[in-house]
Amino acid sequence: MPALVLLGAQWGDEGKGKATDLLGGSVDYVVRYQGGNNAGHTVVVGDQKYALHLLPSGILSPGCTPVIGNGVVVDPSVLLSELSGLNERGVDTSKLLISGNAHIITPYNVTVDKVTERFLGKRKIGTTGRGIGPTYADKINRVGIRVQDLYDESILTQKVEAALDVKNQVLTKLYNRRAIAVEQVVEELLGYADKLEPYVADTVLVLNKALEEDKVVLFEGGQGTLLDIDHGTYPFVTSSNPTAGGACTGAGVGPTKISRVIGILKAYTTRVGAGPFPTELFDADGEALRRIGGERGVTTGRDRRCGWFDAVIARYATRVNGLTDFFLTKLDVLTGWEQIPVCVAYEIDGQRVEELPYSQSDFHHAKPVYENLPGWSEDISKAKTFADLPKNAQDYVKALEEMSGAPISAIGVGPGRDETIQINSFI
Ligand code: GDP
Ligand code: IMO
Ligand code: MG
């Protein structure tokens, strides 16, 4: 019963889409377990580039069944347009399964996300504005709308009424916005019901049966460890659990079933949105990483903040996820630097600190302690084996592995499926 979790080890955008797609040919199911269309996963197949937001990246592998688990929040209009966009490009999406227990991002959740951010002003989180936080808030407040509610008009109406009761007070009295009409929301949501129905399933049962039959199931995380609501840089986080435990709750699979947890790790660091980022660069090196790495958000088009590799974060990701492997991505982007600084520890109020501090204030004050590793100038994008890499690139990878606490089992040297050095097999 091989069940693998593949997740972001940093602040998202590590290359999860590419890594998932690479494994897609060898797995039976690819499951999204949290997040929603705040994700932007890029997959490059030959000369075709796909940007997936809500659909699991396994949708591009014909033998694989893509699953949207109960822990995901689903914007039906985004889902349908993503499906039709893929269909127009000749991708068969008919195998998709969506959990009836997944929560729906309603139009009012998107409105609340945007007005809340505006209200926060300079204290804003820099969310993607897709309604993610407010939808999870409704779920926890027990006023959420689930996919299954689309199939009972009376229940749906009662639930939308309950959700809008308080929200309309807040929208009109606090934010000076117009109230949202219950009937309008219900009508829009009912309009999606028939189109989604062929995909709706008891995904918990399907996945557990698949595991009993020794099928291979891959759980594809959105976002990343440091954006986790419990383990990330709260409050500058997303509203779900991208960390490994989230795969169990977000798909209904017990922890004893998970056999491997792969952390996707960029060879440097990026972050989108607000929040602390100790190795962030504001100089020509940061600009060069952004330009060479193409570091622009897939979902919002925002420039990503860039900085050097942070081993403290990588060690933390190993610990909170129980990582068995790393997939190191974008090593090719570092080609051309004479020296590559790597953050090995922090200095906080004059003290050297080796592990991520639990205190938010300490993390805000953390200054990186760098070690310079020698760089390389050779083009590595055609490398197929570890031995093909120049000595200094090999040493960089070995140093990162040593500092991060789990074996680096694959290395990305370009965005394409084939531009990967596989060291240990994942399945
Ligand atoms: P995700 O959100 O984790 O799936 O990552 P994104 O798709 O948002 O961002 C990763 C970007 O890096 C995408 O443009 C990928 O095509 C690209 N990418 C992934 N792996 C590599 C790699 O090894 N080298 C290079 N140069 N680009 C990569
Ligand atoms: P993938 O899956 C990078 C960030 C946002 C913001 C914070 C909260 O492509 O790695 P939200 O809209 O989720 O409430 O925003 O989280 N964020 C991401 N950053 N990659 C992502 O997804 C992200 N999804 C959300 O920028 O700082
Ligand atoms: Mg992304």
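The values are calculated or read from the model by the stated rules, or taken from the named source; none is laboratory data. Worth saying up front: this structure is predicted, and the values here are computed from it rather than measured. Note: ideal-geometry Cβ built from the backbone for every residue, glycine included; neighbour counts use all protein chains shown. Areas reflect the complete protein model, heavy atoms only, side chains present, ligands, DNA and RNA absent. Shrake-Rupley method; radii C 1.70, N 1.55, O 1.52, S 1.80 Å.
Numerical summary
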{"quantity": "Gap separating the Cα centres of segment 156-209 and segment 325-376, nearest whole Å", "calculated": "43 Å"}
{"quantity": "Mean accessible surface per residue for segment 1-150, computed with a 1.4 Å probe while every protein chain stays in place, in Å²", "calculated": "34 Å²"}
{"quantity": "5 angstrom amide H check on residue 31, placed H, neighbours 5+ away", "calculated": "67, 218, 219, 220"}
{"quantity": "Residue 166 paired with residue 300, simple spin-label distance in nm, labels 7 Å along Cα-to-beta-carbon", "calculated": "2.5 nm"}
{"quantity": "Relative contact order (percent, whole number), segment 103-198, Cα cutoff 8 Å, 6+ residue spacing", "calculated": "27 percent"}
{"quantity": "Selection from 129, 162, 421 lying farthest towards where the dipole of the chain points positive, charges on Cβ", "calculated": "162"}
{"quantity": "Loop-exposed GluC sites (Glu not before Pro) per DSSP, neighbour cap 15 Cβ within 10 angstrom, longest uninterrupted part of the chain", "calculated": "1-212"}
{"quantity": "Between 0 and 90°, nearest 10: helix 107-120 axis offset from the chain longest Cα axis", "calculated": "60 degrees"}
{"quantity": "10 Å-binned pair-distance histogram of segment 103-198 (Cα, whole percent)", "calculated": "16, 48, 29, 7, 0"}
{"quantity": "Fraction of beta bridges assigned by DSSP in the chain that are antiparallel (%, nearest 5)", "calculated": "40 percent"}
{"quantity": "Tilt relative to the chain, helix 76-88 - C-alpha long axis, 0 to 90 degrees, to 10", "calculated": "60 degrees"}
{"quantity": "The chain: most fluctuating residue of 241, 38, 372 per GNM, C-alpha cutoff 10 Å", "calculated": "372"}
{"quantity": "Separation between Cα centres of segment 1-74 and segment 93-143, rounded to whole Å", "calculated": "20 Å"}
{"quantity": "Over the chain, volume per residue of the alpha carbon convex hull, in Å³", "calculated": "135 Å³"}
{"quantity": "Chymotrypsin sites (Phe, Trp or Tyr not before Pro) within segment 203-287, DSSP loop, no more than 10 other Cβ atoms inside 10 Å", "calculated": "282"}
{"quantity": "Gyration tensor (alpha-carbon) shape descriptor, segment 1-100, a/c threshold 1.5", "calculated": "rounded"}
{"quantity": "Assigned charges on the beta-carbon of Lys, Arg, Asp, Glu; segment 97-137 dipole about Cα centre (debye)", "calculated": "260 debye"}
{"quantity": "Relative contact order computed over the chain (Cα-Cα under 8 Å; 6+ residues apart), in percent", "calculated": "20 percent"}
{"quantity": "Those chymotrypsin sites (Phe, Trp or Tyr not before Pro) in segment 104-187 that DSSP places in a loop and that have at most 16 other beta carbons within 10 Å", "calculated": "175"}
{"quantity": "Choice from 120, 80, 227 showing the highest fluctuation, given a GNM over the chain with Cα pairs closer than 10 Å", "calculated": "120"}
{"quantity": "Most positive-pole-ward Cα, 147, 364, 205, against dipole of the chain from beta carbon charges", "calculated": "364"}
{"quantity": "Choice from 56, 341, 357 with maximal GNM fluctuation in the chain (Cα, 10 Å cutoff)", "calculated": "357"}
{"quantity": "Rounded to whole Hz, the Karplus (6.51, -1.76, 1.60) HN-Hα couplings of segment 190-196, x for glycine and proline", "calculated": "4, x, 8, 4, 5, 5, 8"}
{"quantity": "Computed E for residue 119/residue 425 - FRET, C-beta separation, R0 45 angstrom, nearest 0.05", "calculated": "0.35"}
